[in-house]
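Working notes, structure below.
The values are calculated or read from the model by the stated rules, or taken from the named source; none is laboratory data. Quick caveat: nothing in here was measured; it's all calculated off a predicted structure. Neighbour counts run over all protein chains shown; Cβ positions are idealised from the backbone, glycine included. The area values use the complete protein model at the heavy-atom level, side chains included, leaving out ligands, DNA and RNA. Shrake-Rupley method; radii C 1.70, N 1.55, O 1.52, S 1.80 Å.
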Amino acid sequence: MPHPVAGCCQIAISPGDIDSNVAKVERALDNLAAKNCTIAVLPEMWSCGFPYRSLAAMARQTPLLLEKLRQWAVERRMVIVGSLPEADGGRISNTSYVMDHTGDLRGAYRKVHLFSLHGEHKHFAHGNTPVVASTSLGHLGVMICYDLRFPELSRRLALDGADILCFSALWPETRIDHWSLLLMARAIENQLFVLGCNGCGREGNLRYGGSSLIV
């Protein structure tokens, strides 16, 4: 595969403010494109964070955001990975999309491990299918935030042919040491490159820890 130049779009997500978050992501992608990045990972739920009361309304905007994602990928000739709320029948999934630089959607992964401490299991449907997306830069294994704590999923993706593991996250500052250590562990135990993009900023009483990392 071509040698990828990777970057993470670490932004402070404004809860429920899609327009603001879209503008932040676009600026971050422009900065990465100026550095010749060919693959970019966005944070978990990058369009809105976790405004549970308005989650359904946020999810209705996702088809338009996927068109925006396609436009960004084509214009910047960049593979882009990131998680958005997906309306799925009567439920909503936390879904990470893989958009190739050709504008083709190469994969959609619904988060398997929901973080019950923050009530995710009450608002999202569980995913049940690991995803390795075939792109112009190789095979990307896709995971979201809490999935990082489960080494079996990373191993499954490695055995399924992943070249790179991509994590989108909103990981709390209070446990940020775990984030960094686990990203390194997943890289070492699977002998794969790992891209971990975490959001920053505050949502209610919760502060996200940033510390995005490429291993």
Original post:
With respect to Ser14, is the statement that it is part of a helix (DSSP H, G or I), modelled with pLDDT of 95 or more, more than 21 Å from Leu195 (Cα to Cα) and in contact with a Ser or Thr (Cβ under 6 Å, 6 or more places away or on another chain) true?
Top reply: no
Original post:
Under the condition of being modelled with pLDDT under 95 and not in a loop (DSSP other than H, G, I, E, B), which residue from the range 29-53 is surrounded by the fewest Cβ atoms within 10 Å (Cβ to Cβ)?
Top reply: Arg53
**OP:** Show the residue pairs that are 6+ apart or on different chains and have beta-carbon atoms under 7 Å apart, the first residue being within the range 44-71 and of a type in the set (D, E, K, R), the second being part of a loop (DSSP other than H, G, I, E, B).
**Re:** Glu44/Leu170; Glu44/Gly199; Arg70/Gly103
**OP:** Scan (1) more than 25 Å from Cys48 (Cβ to Cβ); (2) without any contact (Cβ under 8 Å) to a residue 40 or more places away in the chain; (3) open to solvent by less than 20 Å² (accessible area, probe 1.4 Å) for the single condition Ala185 breaks and write down its number.
**Re:** (3)
Original post:
Does any residue of the range 153-160 turn out to be basic (Lys, Arg), in contact with a strand residue (DSSP E or B) (Cβ under 9 Å, 6 or more places away or on another chain) and open to solvent by 60 Å² or more (accessible area, probe 1.4 Å)?
Top reply: yes
**OP:** Give the range 27-67 a look and list any residue that's within 20 Å of Arg110 (Cα to Cα) and of a type in the set (D, E, K, R), or say none.
**Re:** Glu44, Arg60, Glu67
**OP:** Among the residues of the range 188-208, write down those that are open to solvent by 10 Å² or more (accessible area, probe 1.4 Å) and either under 19 Å from Thr38 (Cα atoms) or under 15 Å from the mean Cα position of the chain (by Cα) (or both).
**Re:** Leu192, Phe193, Cys200, Tyr208
Original post:
Restricting to the range 76-108, what's the tally of residues that are open to solvent by less than 10 Å² (accessible area, probe 1.4 Å), over 21 Å from Ile11 (Cβ atoms) and polar (S, T, N, Q)?
Top reply: 1
**OP:** Would you be able to say whether some residue in the range 62-75 is among the acidic types (Asp, Glu) and open to solvent by less than 10 Å² (accessible area, probe 1.4 Å)?
**Re:** no
Subject >> the range 118-137, residues that are buried (at least 17 other Cβ atoms within 10 Å of the Cβ) and at positive phi >> reply: none
**OP:** Take the residues in the range 19-28 that are within 16 Å of the chain's Cα centre (by Cα) and of a type in the set (A, V, I, L, M), then tell me which one is surrounded by the most Cβ atoms within 10 Å (Cβ to Cβ).
**Re:** Val25
Original post:
Just a yes or no: is a residue in the range 142-163 within 25 Å of Arg202 (Cα to Cα), free of Cβ contacts under 8 Å to residues at least 12 places away in the same chain and not hydroxyl-bearing (Ser, Thr, Tyr)?
Top reply: no
